[in-house]
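Enquirer: Can you keep this structure in mind? I'll have questions shortly.
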Amino acid sequence: MVSVEIERRDEVSIIWMDNPPVNALGAALRAAILHAVEAAVQDEAVIGMVLASRHAIFSAGADIKEFNQTPVSPSLRELIDAMDASPKPIVAAINGVCFGGGLELALACDARIVTSTARLALPEVKLGLLPGAGGTQRLPRLMNPADALKLMATGAPATGDQAVTSGLADALAAAERLLAEATAKASLLAKRTVRQRLRDTAADQGTRDAFEKAAATLLKAHPGEPQIEALIEAVRGSYEVPFDEGMRQERRSFERLLVDDRSKSLRHAFFAERESGQLPGDIGSPDVIDVKTVGVIGGGTMGSGIAMAFAANGFPVTLIETDEPSAQRAYDRIASSLSNSVRRGSLSETARSENLARIKTAVDYAELSAADLVIEAAFEEMDVKRQIFGRLADVVKPSAILATNTSYLDVDAIAEAGGDAGRVIGMHFFSPANIMKLVEVVRGRKTSASTIATVVKVAQKLGKLPVVVGNCHGFVGNRILARRSEQLDRLLLEGATPEDVDRAFTAFGSKLGPCTMGDLAGLDISWRMRRATGRTAPVADALVEAGRLGQKTGRGYYRYAEDGRTPISDLEVTTLIEAVSKKQGVKRRTIDQEEIIDRLILPMINEGARIIEEGVAARPGDIDVIWIHGYGFPRWRGGPMFYAQTRGYPNVVARLKELATLTGDESLRPEPLLEHLATDGKSVAPQ
């Protein structure tokens with residue numbers, strides 16, 4: 001039950017927030033705090049107040065249950081206005097998390113005393129919003145506006161020490177002294193004749209140039225994200241308009257963002273990420289194995305990345321290679337990668353040494369006898385993987401989980417070679433595995449609930465986003481990618497150039513176009529997969545057969561400058577594509593950006609509908625999470641399935657029919673699920 005307790009310490013009123021587990025600022029808690037503040041103002045014996053928490057967390061901010069509900073008075077802004085109007089000082093005693101509305105509440109106080117474990121953040125941008133209760137106006141009046149902008153734009157938390165250094169907090173206190181020092185601060189501030197409120201100050205004009213440079217950098221890094229644009233304008237207002245006008249601008253921007261499709265997409269992505277880590281309903285609550293030691297088979301790019309991901313999170317790792325020279329190369333690859341991280345400043349020398357010490361290489365599978373989890377990351381060939389699992393069955397302990405990192409092969413067929421199929425599962429990491437957050441957790445037909453739950457928990461310990469998916473060719477991500485790749489090749493055959501396609505895709509919001517992405521990954525990877533499954537892609541196949549494998553050979557859809565990274569248009573590619581088109585009997589034509597985008601994105605949605613109907617994905621949001629984090633789908637579009645919703649299902653269905661007629665490609669005909677959604681108007685994605 002929500003409660004606020006009031007305690008008197010000498011002449012200071014302590015307002016204890018007590019809304020477990022995170023002091024979410026729902027209507028009941030807001031009303032209770034307001035009542036306590038009003039009571040303290042009326043009490044002549046009270047000279048000041050301290051706002052504190054009964055829990056190991058100050059406040060996680062707004063109650064998300066109220067997001068789509070009619071506002072209940074007092075709103076957070078009304079509560080903060082009442083605190084602002086108090087003639088008596090208020091000090092925030094901040095322990096643990098102080099996020100969003102919790103920090104805006106603290107900013108309305110006269111001072112903030114923090115512990116070293118405090119974490120202060122305004123993460124509203126992650127929801128496609130900006131702080132809506134004065135954060136954009138008070139924060140740049142309290143600390144350097146450029147730093148305030150960065151804090152709000154990243155949503156990343158500042159530690160207690162960082163908060164004091166930046167001016168966000170007034171002093172650091174030991175946990176056991178927090179309340180005493182906050183009380184003393186309130187008594188000291190009470191000696192002032194007038195409260196010194198942030199609303200009565202203005203941002204330092206001498207910091208304007210630094211702010212504008214920071215703003216320009218942000219806009220370049222976040223194209224198309226409305227909350228960043230609105231945030232910059234709001235903070236700029238702290239230089240240009242009085243506080244009350246700045247507050248009105250903030251409110252207008254907040255309300256505009258609430259109904260903006262891009263902002264809705266960002267909120268959908270946020271909640272879809274939270275939901276994706278939940279186990280599918282049919283799994284229940286099984287026992288989770290305590291994974292302490294890990295084995296990885298294969299020391300190539302993927303295997304090395306997986307080993308680094310585990311080592312960075314405290315797991316001892318044994319990396320198996322085929323022979324000693326290969327094992328040494330794998331170790332050297334890892335050491336070099338960690339050294340590069342040190343040079344970039346993303347890793348300390350101490351952490352590098354500790355991570356490297358957790359990884360040992362070996363060639364004897366017997367070294368895996370004590371491992372709780374073994375992940376195979378060998379070549380994408382069924383015979384190779386089955387041979388490895390057959391060997392593992394003879395050496396690992398019966399309780400060990402066996403995972404394959406395959407990106408599209410049949411997990412059940414691999415499991416047959418591993419003995420107990422209940423302990424076999426897919427863990428499809430994305431490259432580079434030590435950086436990319438996504439892991440497709442592929443449940444086989446016989447994979448046990450305990451195995452699934454354990455792997456999900458382990459992935460979360462690595463800081464990954466695990467998404468449980470069913471076993472089919474390509475699972476979710478690569479199965480949808482195959483549909484897009486088919487259309488890419490058709491577009492190139494029919495008249496589009498790689499430049500046309502990539503230009504349209506970056507205009508849609510992606511950082512890289514499909515052709516640039518293909519060159520980066522290596523065109524031979526998908527070529528091998530097509531050969532193994534009897535599929536063809538005339539243009540992409542011709543490029544590989546001409547030795548154009550992408551960046552690693554300096555030539556693919558583009559040729560690459562001396563730095564090996566900068567794509568340059570290549571007339572040879574144009575000539576090659578035209579020759580393939582002629583051989584295929586395809587008449588080339590001009591294709592505009594709208595058609596390019598629709599033919600690349602709408603078939604993905606169509607395939608997503610098939611995946612949902614088949615139960616391969618538990619939720620449409622899972623597909624969106626996979627495509628945002630595994631394939632760079634623009635976050636502010638919400639993922640392919642949510643994009644279908646914002647565009648309107650009837651419009652998607654009509655356009656797919658139109659494209660099928662235009663191209664003669666019957667695979668573009670809309671799936672029954674999309675037809676049904678277009679008819680009844682129901683949503684497959686949460687608001």
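Enquirer: Checking ALA60 against (1) within 23 Å of ASP244 (Cα to Cα); (2) out of contact with any Pro (no Cβ under 8 Å at 6 or more places or on another chain): exactly one of these is not met. Which one?
Expert: In the conditions (1) within 23 Å of ASP244 (Cα to Cα); (2) out of contact with any Pro (no Cβ under 8 Å at 6 or more places or on another chain), ALA60 misses (1) alone.
Enquirer: Looking at this structure, is VAL125 of a type outside the set (Phe, Trp, Tyr) and at pLDDT 95 or above?
Expert: Working: of a type outside the set (Phe, Trp, Tyr): yes; at pLDDT 95 or above: no.
No, not satisfied.
Enquirer: In segment 187-218, which residues are loosely packed, with under 13 Cβ neighbours inside 10 Å, of a type in the set (Asp, Glu) and within 37 Å of the chain's Cα centre (by Cα)?
Expert: The first filter runs over segment 187-218 and keeps only residues loosely packed, with under 13 Cβ neighbours inside 10 Å, leaving 191-194, 196, 200, 205-206, 209, 213, 216.
Now narrow it down to the ones that are of a type in the set (Asp, Glu): 200, 209.
The one that is loosely packed, with under 13 Cβ neighbours inside 10 Å, of a type in the set (Asp, Glu) and within 37 Å of the chain's Cα centre (by Cα): ASP209.
Enquirer: For segment 617-632, does any single residue satisfy the condition of being among the acidic types (Asp, Glu) and either in contact with a strand residue (DSSP E or B) (Cβ under 8 Å, 6 or more places away or on another chain) or modelled with pLDDT of 95 or more (or both)?
Expert: Filtering segment 617-632 for residues among the acidic types (Asp, Glu) gives 622, 624.
From what is left, the residues that are either in contact with a strand residue (DSSP E or B) (Cβ under 8 Å, 6 or more places away or on another chain) or modelled with pLDDT of 95 or more (or both) are 622, 624.
Within segment 617-632, one or more residues are among the acidic types (Asp, Glu) and either in contact with a strand residue (DSSP E or B) (Cβ under 8 Å, 6 or more places away or on another chain) or modelled with pLDDT of 95 or more (or both).
Enquirer: Report the residue count in segment 434-460 for those that are within 15 Å of the chain's Cα centre (by Cα) and farther than 20 Å from ARG619 by Cα. Spell out how you get there, then give the answer.
Expert: Residues of segment 434-460 within 15 Å of the chain's Cα centre (by Cα): 434-440, 459-460.
Still in the running and farther than 20 Å from ARG619 by Cα: 434-436.
Counting residues in segment 434-460 that are within 15 Å of the chain's Cα centre (by Cα) and farther than 20 Å from ARG619 by Cα gives 3.
Enquirer: Just one of (1) over 31 Å from the mean Cα position of the chain (by Cα); (2) surrounded by 24 or more Cβ atoms within 10 Å (Cβ to Cβ); (3) not aromatic (Phe, Trp, Tyr) trips up LEU392, so point out which.
Expert: The single condition LEU392 does not satisfy is (2).
Enquirer: Only one residue in LEU409, LEU402, LEU356 is assigned by TED's automatic domain parsing to the domain that holds SER337, within 30 Å of the chain's Cα centre (by Cα), part of a helix (DSSP H, G or I) and aliphatic (A, V, I, L, M), so which one is that?
Expert: Details: LEU409 fails: part of a helix (DSSP H, G or I); LEU402 fails: part of a helix (DSSP H, G or I).
After ruling out the rest, the residue left standing is LEU356.
Enquirer: Related question: Can you say whether ASP592 is out of contact with any Asp or Glu (no Cβ under 6 Å at 6 or more places or on another chain), in contact (Cβ under 8 Å) with a residue 40 or more places away in the chain and either among the charged types (D, E, K, R) or crowded, with 16+ Cβ neighbours inside 10 Å (or both), as far as the supplied structure shows? Spell out the reasoning first.
Expert: Working: out of contact with any Asp or Glu (no Cβ under 6 Å at 6 or more places or on another chain): yes; in contact (Cβ under 8 Å) with a residue 40 or more places away in the chain: no; either among the charged types (D, E, K, R) or crowded, with 16+ Cβ neighbours inside 10 Å (or both): yes.
When the stated conditions are applied, ASP592 does not pass them.
Enquirer: Need a quick list: helices (runs of 4 or more DSSP H) entirely within segment 219-281 having at least 1 residues that are more than 20 Å from the chain's Cα centre (by Cα) and among the aromatic types (Phe, Trp, Tyr). Before the answer, list the steps.
Expert: Values: elements: 226-240, 243-259, 261-276.
Those helices (runs of 4 or more DSSP H) span 226-240, 243-259.
Enquirer: Something else now. Kindly indicate the residue of segment 69-120 that is assigned to a helix (DSSP H, G or I) and among the small types (Gly, Ala, Ser) and also farthest from the chain's Cα centre (by Cα) among those meeting that condition.
Expert: Of all residues in segment 69-120, those assigned to a helix (DSSP H, G or I) come to 76-85, 101-107.
After this cut, where a residue has to be among the small types (Gly, Ala, Ser) as well, the list is 82, 85, 101-102, 106.
Working: ALA82: 37, ALA85: 39, GLY101: 22, GLY102: 23, ALA106: 27 Å.
Result: ALA85.
Enquirer: For segment 148-178, give me each residue that is among the hydrophobic types (A, V, I, L, M, F, W, C), farther than 21 Å from ALA210 by Cα and in a loop (DSSP other than H, G, I, E, B).
Expert: If the condition is that a residue be among the hydrophobic types (A, V, I, L, M, F, W, C), farther than 21 Å from ALA210 by Cα and in a loop (DSSP other than H, G, I, E, B), then ALA169, ALA173, ALA174 are the ones that fit.
The values are calculated or read from the model by the stated rules, or taken from the named source; none is laboratory data. Quick caveat, the model's predicted, so the values are computed rather than measured. Note: ideal-geometry Cβ built from the backbone for every residue, glycine included; neighbour counts use all protein chains shown.
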